[in-house]
1. Filter segment 29-65 for residues that are of a type in the set (Val, Ile, Thr) and surrounded by 15 or more Cβ atoms within 10 Å (Cβ to Cβ) and give the result.
2. What residue, of ASP202, ASP196, ASP181, is at pLDDT below 95 and surrounded by fewer than 13 Cβ atoms within 10 Å (Cβ to Cβ)?
3. Can you tell me which of GLU160, GLU114, GLU187, GLU130 is out of contact with any Cys (no Cβ under 7 Å at 6 or more places or on another chain) and closer than 17 Å to THR86 by Cα?
4. When you scan segment 80-130, how many residues do you find that are among the basic types (Lys, Arg) and touching a strand residue (DSSP E or B) at 6+ places or on another chain (Cβ under 7 Å)?
5. Test GLY136 against the stated conditions and say whether it is modelled with pLDDT under 95 and surrounded by 14 or more Cβ atoms within 10 Å (Cβ to Cβ).
6. Does PHE129 satisfy the condition of being within 19 Å of the chain's Cα centre (by Cα) and open to solvent by less than 20 Å² (accessible area, probe 1.4 Å)?
7. May I ask you to list pairs of residues, at least six apart or on different chains, whose Cβ atoms are under 6 Å apart, with the first in segment 141-167 being in contact (Cβ under 8 Å) with a residue 12 or more places away in the chain and the second being open to solvent by 80 Å² or more (accessible area, probe 1.4 Å) and aromatic (Phe, Trp, Tyr)?
8. Of the residues that sit in segment 143-178 and are over 17 Å from GLU98 (Cβ atoms) and touching a Pro at 6+ places or on another chain (Cβ under 7 Å), which one is most open to solvent (accessible area, probe 1.4 Å)?
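The values are calculated or read from the model by the stated rules, or taken from the named source; none is laboratory data. None of these values were measured; they are calculated from a predicted model. Quick reminder, even Gly has a Cβ in these numbers, built from the backbone with ideal geometry, and neighbours come from all protein chains shown. Side chains are part of the model used for accessible areas, which takes the heavy atoms of the whole protein and leaves out ligands, DNA and RNA. Shrake-Rupley method; radii C 1.70, N 1.55, O 1.52, S 1.80 Å.
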Amino acid sequence: MAAIGKADPANVSVGKGVAGGYMFVAPAGTALPEDNKTELDAKFVNMGFLGEDGISFSDSSSNDKFVDMNGDTISTTAGEVEKSFTVKFNEVKKATWEMVYGSKNVKDATGVLEITDNGPSEEEHVAVFELLLKNGRKWRRIVPRCKLGETGDWSVVYSELVAREVTFTALKDGDKGYYKDYIDSTETSAAAAMLDGVGEGDARPAKAKKE
């Protein structure tokens, strides 16, 4: 029997963010989209420019194995699972600082950002990444639950942008899992019609808040 499918260069691509906004964050419990076309809830806030290293998604897991009296492995079971993602916030604004220090510790009421460092934020969020593949293929990655994990060092110097690297831990959310991805397919007639004539830089407008 012949194998199904064939190698297709249309499925090989670099990834980039949608122009104008590619990381959006909202409070825990905010309604999440169930496709890659629906406009985001107005509670989502645009995190602005991210660093040139993009978004790094990390996965780690372990297996527990069981051996018999001869030392042979006879069974395994899934052990710990940890998933996280790392970004670098390139914009100095209320929304990005809230992600690090918590919404109660960041104010912008008088035209001056007022930030109180009481330690890292304990708040839980939902996040959506708006991404593009080759030929305008839309890729929406949803994080149903996430919390701040680690913060990197940052410096203030004339030769570098003032930026903050942060790592968030993705938390499993029932049948939504750790992540939910919606990616335009290249393998159905409906997908071919949808992608016909779409340029690599095309993207839908975002309705989420810009702060």
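1. Answer for segment 29-65, where residues must be of a type in the set (Val, Ile, Thr) and surrounded by 15 or more Cβ atoms within 10 Å (Cβ to Cβ): THR30, VAL45, ILE55.
2. Working: ASP202 fails: surrounded by fewer than 13 Cβ atoms within 10 Å (Cβ to Cβ); ASP181 fails: at pLDDT below 95.
One residue alone meets the criteria, ASP196.
3. GLU130
4. The total comes to 4.
5. Details: modelled with pLDDT under 95: yes; surrounded by 14 or more Cβ atoms within 10 Å (Cβ to Cβ): yes.
In short, yes.
6. yes
7. ARG164/TRP154
8. Looking at residues that are over 17 Å from GLU98 (Cβ atoms) and touching a Pro at 6+ places or on another chain (Cβ under 7 Å), I get LYS176.
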